[in-house]
Amino acid sequence: MTDEKILSYIKKCLDAGRMSEAIETSEIAKVEFSKEELKNYIYKYLENGWISKAIEGSKAAGIGLPKEVLIKYINKYLEEGRIYSANEASKIIGIPLPREKIIIIGKECFLKGKLNPGLEAYKLVKENPPIEELLICGSVCFKEGQFYSGLEAYKLANKKPPEEELIVCGDKCFNTGQTTPGLEAYELANKTPTKEILRVCGEICLIEKRIDEARKALVASQKIEDIKEEKSIEIKEISRKEIGSLKEIEEALKCFGPGECLDCENGEEFKERFFLLSRCPAPGKEEEWLDKTMKEKYGLEHFAVGIFGENKGLIGSAVCVRCGSRNVSFESAETKAYIELKK
Ligand SMILES: [Zn+2]
């Protein structure tokens, strides 16, 4: 091994908290480290909350680590809500943590929306976290877009998350490029996000090169667009009599009806059905949607569409009473009316 490689290996050991291994290697390779340098590493371990690594390192390096220093760090961990490190340290040096202080810290964690450290604190003192603190925590988590923590907090409090908070959370998630939790938040609230916010989310994901999440957001956005178009066409079944009384329908279309059975040439006896469309479908997707809806909802595969007013539609469908065929031509009094027979 070259000196450079050895040095980088030792440095790696030191960074990972493996001080005795670093010291052994440096002795074999005759590389020297100053006590000051090693001491800096030991304090770095303490900053990281690696109490046992710091103690082990101080022994290997022959650097004293006074108990007061360790206690100072325990207090620091507690103040920062680093319950796990504080507990670990207190176990190693054999000093129990002050119970009241831990409860206060648990509460503070909840108020800041830090669910796990809060739970950790209450677990340490073997107490159940108060419901109201959990609810506050859940609420803060939702505000910050931490959907799963918020959900967990409400679950622990045995309460359903409020719809408004879910929406706030979903929006925050979308605005920070978290597609999945955003969609889940909206789903739980039984609401649909806007296509704009989904697009924003998708773009953030794209910039961050998270392709799957980007695709998910953009697909969801597209779907909303489709639903919107479909929803904007209303279909209402009406009788022939009602057609006659509708002022909007032009005279020409009032005679809109079956002309002749294309199978048996019957021109008189038909069973008819009529529907009003709030607007005519656009070619392509909307037409497909109308075909599908007429078939699934009304059982009609053949129908004619006439236009009246401002792009409103009148659908007519007929069954030949003589031969049972649905293949029936449609007519209106004047040819200016647009009539199309679907097959
Ligand atoms: Zn017929």
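Laboratory data are not the source of any read-out in this text; all were calculated from the coordinates shown. The structure displayed is predicted, hence computed values, not measured ones. Here the Cβ is made from the backbone with ideal geometry for all residues, glycine too, and neighbour counts use every protein chain on show.
What size of dipole, in debye to the nearest 20, comes out for the stretch 105-218 about its Cα centre when the only charges are +1 on Lys and Arg C-beta atoms and -1 on Asp and Glu C-beta atoms? Kindly include the intermediate steps, with their values, before the conclusion.
Working: 17 positive and 18 negative charges, 32 e Å.
Dipole about the Cα centre, nearest 20: 160 debye.
What ³J(HN,Hα) values, in whole Hz, does the Karplus curve 6.51 cos²θ - 1.76 cosθ + 1.60 give for the stretch 193-209 when θ = phi - 60°, with x put for Gly and Pro?
x, 6, 5, 5, 5, 5, 5, 4, 4, x, 5, 4, 4, 4, 4, 7, 6
Okay, helix-only estimate at 222 nm for the chain: each DSSP H run of n ≥ 4 adds -39500 (n - 2.57), divide by all residues, round to 500 deg cm²/dmol; what do you get?
Working: 17 runs with 199 residues, N = 343.
So the calculated ellipticity at 222 nm is -18000 deg cm²/dmol.
Hey, what do the phi angles of the stretch 81-95 turn into as Karplus ³J(HN,Hα) couplings, whole Hz, using 6.51/-1.76/1.60 and θ = phi - 60°, x for Gly and Pro?
Once θ is set to phi - 60°, the couplings for the stretch 81-95 become x, 8, 4, 4, 5, 4, 5, 4, 5, 5, 5, 5, 8, x, 10 Hz.
May I ask you to list the trypsin sites (Lys or Arg not before Pro) in the stretch 1-52 that are in a DSSP loop and have at most 11 other Cβ atoms within 10 Å of their Cβ?
Sparse-neighbourhood loop trypsin sites (Lys or Arg not before Pro): Lys30.
Using the Karplus equation 6.51 cos²θ - 1.76 cosθ + 1.60 (θ = phi - 60°), what ³J(HN,Hα) coupling, rounded to whole Hz, does each residue of the stretch 96-104 give in order, writing x for Gly and Pro?
Calculated HN-Hα couplings, in order: x, 7, x, 4, 4, 4, 5, 5, 4 Hz.
Please give the Cα centre distance for the stretch 256-281 versus the stretch 11-66, rounded to the nearest Å.
Cα centroid of the stretch 256-281 versus Cα centroid of the stretch 11-66: 90 Å apart.
Pairs Lys11/Lys76; Lys114/Lys160; Lys44/Lys112; Lys114/Lys172; Lys172/Lys209: which are spaced more than 24 Å apart, C-alpha to C-alpha?
Lys11/Lys76; Lys44/Lys112
For Lys191, give me every one of the aspartates and glutamates with a C-alpha distance below 13 angstrom, ignoring sequence neighbours fewer than eight places off in its own chain.
Within the straight-line limit of under 13 Å, Lys191 reaches these aspartates and glutamates: Glu163, Glu164, Glu165, Asp171.
Between Phe330 and residues 5 or more places away or on another chain, which pairs have amide H atoms under 5 Å apart, with H built 1.01 Å from N, and which residues are they?
Residues meeting the amide H criterion: Gly259.
Identify which of Pro66, Pro117, Pro161 has the largest mean-square fluctuation in a Gaussian network model of the chain, with springs joining Cα atoms closer than 10 Å.
Pro66
Suppose the Debye formula is applied to equal point scatterers at every Cα of the chain; what is log10 I(q)/I(0) at q = 0.08, 0.10 Å⁻¹?
For the requested q values the scattering log ratios are -0.67, -0.83.
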